[in-house]
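*Asks:* Got a structure here, written out as structure tokens. Questions coming.
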Ligand SMILES: *Cc1c(COP(=O)(O)O)cnc(C)c1O
């Protein structure tokens, strides 16, 4: 499979090339040059596969530069009950007989759905780097979920170091404890004296220093990584088979969305032939996506206009994976996508009303909705009352909007994107009690913390990274 850029550049290479690439040289995102599809018969043939075998079936057409036995071994190691604490990996739970279902994606090491793709990334990075005799130093910024998923996926991995910037004192107590309690020679936690945007700006500034970047093999694991999107498509298939529907019957999904990576993976599954009807994009107060799907106008918010909400992992004003969606809607027209994204980059609205592209959007099954803090609390409380089930604030947004679009006789699968233990304060505000946490995280706040506080300045930060890498090099025999 060859990969191309959403802005039109061709021949980006194969899967392993785009895995390590970040943005394409023309600033676009990597996409496969075609989307392999499964016939209804092919689909029936996948029924009954366990998660790792299903992952192979869904993913291998996009990964033809890794031998079958090696890819299967990596998927088996990734999607293992010991990692995800469930034989099903992503169990599907009906909520009473409401027609709503919870797809549990958050039983992995960091208690958020990002583990599902990130754990695979840890395996495949190590594999590809070994074959190429290369190293990768991941530099990232996190407000909580991405950082812990990345660190838990990369810990102990050969040829990989992680430098993770987070805003000093601003993550939840649980999130801080989750990251800072790690004590591994290849994980470096840096608490920046500033806010999340400052952390992101530091990452951008360091990446703009191409000399430093090349000298120290600086890379990223952000949500635009194609391998993450691809790995996420698998659980849509898993949920469909768990429902045991008669062949061809449709299913709807509701997805708490921020950067549009998760729900785009659902669209990929749909384009591959999975009979998905609606893809419900659930937003919080930062409702750019909701606005687009209800009006046809995509108008991003600047960082300063992004509200801080109680579903913080969705506080995003510009959904980077949305470019992949526009590319497919345009009929894989890189020039058109480039024009649209230049408007987005300039802070101007992209208006599809009256264009044939808007009909494409309507036909693609996407619908949107938004939720407020009060809605979120009420949904957490009502879900507990109706179904005896505590959910996290992001999952609550998905349930609220999903139920609004639910159709008689069609299952509505709501994606559980984090466990309530990760967002204790909001859950407690809703139901008056602290959500249970998995035993392995009991007392985590009391463990020693390993992090370095640094000022919001790229110069000393670069020197520090270079020094740590020098030490690591000397320690390697
Ligand atoms: C990252 C995240 C989201 C948003 O997912 P996207 O792929 O960015 O749309 C939603 N909920 C939680 C808990 C997350 O960590």
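*Asks:* Does residue 215 satisfy the condition of being more than 16 Å from the ligand (Cβ to nearest atom), under 29 Å from residue 138 (Cβ atoms) and surrounded by fewer than 17 Cβ atoms within 10 Å (Cβ to Cβ)? Spell out how you get there, then give the answer.
*Replies:* Working: more than 16 Å from the ligand (Cβ to nearest atom): yes; under 29 Å from residue 138 (Cβ atoms): yes; surrounded by fewer than 17 Cβ atoms within 10 Å (Cβ to Cβ): yes.
Yes.
*Asks:* Only residues that are touching a residue at least 40 places away in the same chain (Cβ under 8 Å) and not in a strand (DSSP E or B): list them for region 355-377, please. Let's see the steps before the verdict.
*Replies:* Taking region 355-377 and keeping what is touching a residue at least 40 places away in the same chain (Cβ under 8 Å), we get 358, 361, 364-373, 376-377.
Passing the criteria: 358, 361, 364, 365, 371, 372, 373, 376, 377.
*Asks:* Pairs under 6 Å by beta carbon, first residue farther than 27 Å from residue 313 by Cβ and at pLDDT 95 or above in region 238-265, partner more than 8 Å from the ligand (Cβ to nearest atom) and not in a loop (DSSP other than H, G, I, E, B), six or more apart or different chains?
*Replies:* 250/277
*Asks:* Looking at region 393-477, what helices (runs of 4 or more DSSP H) fall wholly within it and have at least 1 residues that are away from the ligand (no atom under 16 Å from the Cβ), at pLDDT below 95 and in contact with a strand residue (DSSP E or B) (Cβ under 8 Å, 6 or more places away or on another chain)? Walk me through how you get there before you give the answer.
*Replies:* Values: elements: 393-405, 424-431, 458-475.
Output list reads 458-475.
*Asks:* Okay, next question. Which condition from (1) buried (at least 24 other Cβ atoms within 10 Å of the Cβ); (2) away from the ligand (no atom under 16 Å from the Cβ); (3) not in a loop (DSSP other than H, G, I, E, B) is the one that residue 137 breaks?
*Replies:* Residue 137 satisfies every listed condition except (1).
*Asks:* Continuing with the same structure: Taking region 328-343, which residues are out of contact with any strand residue (DSSP E or B) (no Cβ under 6 Å at 6 or more places or on another chain) and either assigned to a helix (DSSP H, G or I) or closer than 30 Å to residue 375 by Cβ (or both)? Give the derivation first.
*Replies:* If we filter region 328-343 for residues that are out of contact with any strand residue (DSSP E or B) (no Cβ under 6 Å at 6 or more places or on another chain), which is where we start, we get 328-339, 341-342.
Those that are out of contact with any strand residue (DSSP E or B) (no Cβ under 6 Å at 6 or more places or on another chain) and either assigned to a helix (DSSP H, G or I) or closer than 30 Å to residue 375 by Cβ (or both): 328, 329, 334, 335, 336, 337, 338, 339, 341, 342.
*Asks:* Is at least one residue of region 103-111 within 16 Å of the ligand (Cβ to nearest atom), under 19 Å from residue 254 (Cα atoms) and in a strand (DSSP E or B)?
*Replies:* yes
Residues are listed down the side, and each one gets a yes or a no for (1) modelled with pLDDT of 95 or more; (2) more than 14 Å from the ligand (Cβ to nearest atom); (3) surrounded by 18 or more Cβ atoms within 10 Å (Cβ to Cβ); (4) on the phi < 0 side of the Ramachandran plot:
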{"site": "146", "(1), (2), (3), (4)": "no, no, yes, yes"}
{"site": "154", "(1), (2), (3), (4)": "yes, yes, yes, yes"}
{"site": "158", "(1), (2), (3), (4)": "no, yes, no, yes"}
{"site": "161", "(1), (2), (3), (4)": "yes, yes, yes, yes"}
{"site": "167", "(1), (2), (3), (4)": "no, yes, yes, yes"}
{"site": "173", "(1), (2), (3), (4)": "no, yes, no, yes"}
{"site": "178", "(1), (2), (3), (4)": "no, no, yes, yes"}
{"site": "184", "(1), (2), (3), (4)": "no, yes, no, yes"}
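*Asks:* Further question: Could you run through region 309-327 and say how many residues are part of a helix (DSSP H, G or I), within 12 Å of the ligand (Cβ to nearest atom) and touching a strand residue (DSSP E or B) at 6+ places or on another chain (Cβ under 9 Å)?
*Replies:* Just the residues of region 309-327 that are part of a helix (DSSP H, G or I), to begin with: 312-314, 322-327.
Those left that are additionally within 12 Å of the ligand (Cβ to nearest atom): 312-314, 322, 324-325.
Going one step further and asking which of them are touching a strand residue (DSSP E or B) at 6+ places or on another chain (Cβ under 9 Å), we end up with 313-314, 322, 324-325.
So the count comes out to 5.
*Asks:* Name the helices (runs of 4 or more DSSP H) wholly inside region 158-216 in which the number of residues that are in contact with a strand residue (DSSP E or B) (Cβ under 6 Å, 6 or more places away or on another chain) is 1 or more. Break it down stepwise before answering.
*Replies:* Numbers: elements: 173-180, 196-208, 210-215.
Result: 173-180, 196-208.
The values are calculated or read from the model by the stated rules, or taken from the named source; none is laboratory data. Fair warning: this is a prediction, and the values are worked out from it, not measured in the lab. Methodologically, a virtual Cβ is constructed for each residue, glycine included, from the backbone with ideal geometry; neighbour enumeration extends over all protein chains shown.
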